[in-house]
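Heads up, the thing below is written out as structure tokens.
A short reminder: the numbers here are calculations on the coordinates, not readings from a lab. Remember, predicted model here, so these are calculated numbers, not experimental data. Quick reminder, even Gly has a Cβ in these numbers, built from the backbone with ideal geometry, and neighbours come from all protein chains shown.
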Amino acid sequence: MEKEKLAGTCFNKGNLVGIAKCLLLCGFSPIPMIVKEDINGLRPSISWRHYQEKPMSLSEIKIHFQRAHGIAYLCGRSSSILVLDVNDLQKFNQFYDLEKLKAYCGFVIRSNNRGQYLLGFRYDEEFFKCENLSDEAGFKLKSNGTLATFFTVLPGLQYKPEKLEGLNPLPQDLRKKIKNYLLKKN
């Protein structure tokens, strides 16, 4: 069976164990998520901070993802990914052209019901900590010590990959804009 068909089968059937194993084999550190009613969303189903140093094994994935409702991955150095969590499309589009960025970005996750995008880029040591630029520019910069949702099986809380082609570096013009915002903020 071709890789694309196999991956499509995992997503279509909601095979979280299979998807988590694929993420691990691609260098990401997957974390199982479960529904948390009081926050109307997902939370990690396990203590996860120690996986920043060493990802879980394939056998641990088989155990931990059996009852999961979704998959997150560790951001930052442990998965070699820097994530822009775009949560206000209007503000973000004033800051940077979202469609242009999505076309360039090789790693795009979309939340269908929240109007949110998670855009993944190659980890950059200069952005080693998380920054909340939601008020100013409509996004959070997720790095070391944070999670980003990758996929869910819940109809009311959907996260689905839109594009998975690899991690590009942040575009230089965006990198410069973020650095300038952070200098003003701090």
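Quick notes on this one:
- Annotation: amide H of ILE81 within the under-5 Å range of GLY76, TYR123, sequence separation 5 or more or interchain, hydrogens built in the peptide plane.
- Summing charges over all other residues whose Cβ lies under 11 Å from the Cβ of GLU60, with Lys and Arg as +1 and Asp and Glu as -1, gives +3.
- Only one residue of CYS105, LEU119, CYS75 has its Cα farthest out toward the positive end of the dipole of the chain, where Lys and Arg carry +1 and Asp and Glu -1 on Cβ, and that residue is CYS75.
- Within the chain, longest stretch clear of exposed GluC sites (Glu not before Pro) (DSSP loop, no more than 14 other Cβ within 10 Å): 54-164
- Sequence-distant lysines (8 or more away, or on other chains) whose Cα lies within less than 23 Å of LYS185: LYS91, LYS129, LYS140, LYS142, LYS176, LYS177
- Each Lys and Arg Cβ is given +1 and each Asp and Glu Cβ -1; about its Cα centre, the chain then shows a dipole of about 160 debye.
- Convex hull volume of the chain per residue (C-alpha atoms, cubic angstrom): 123
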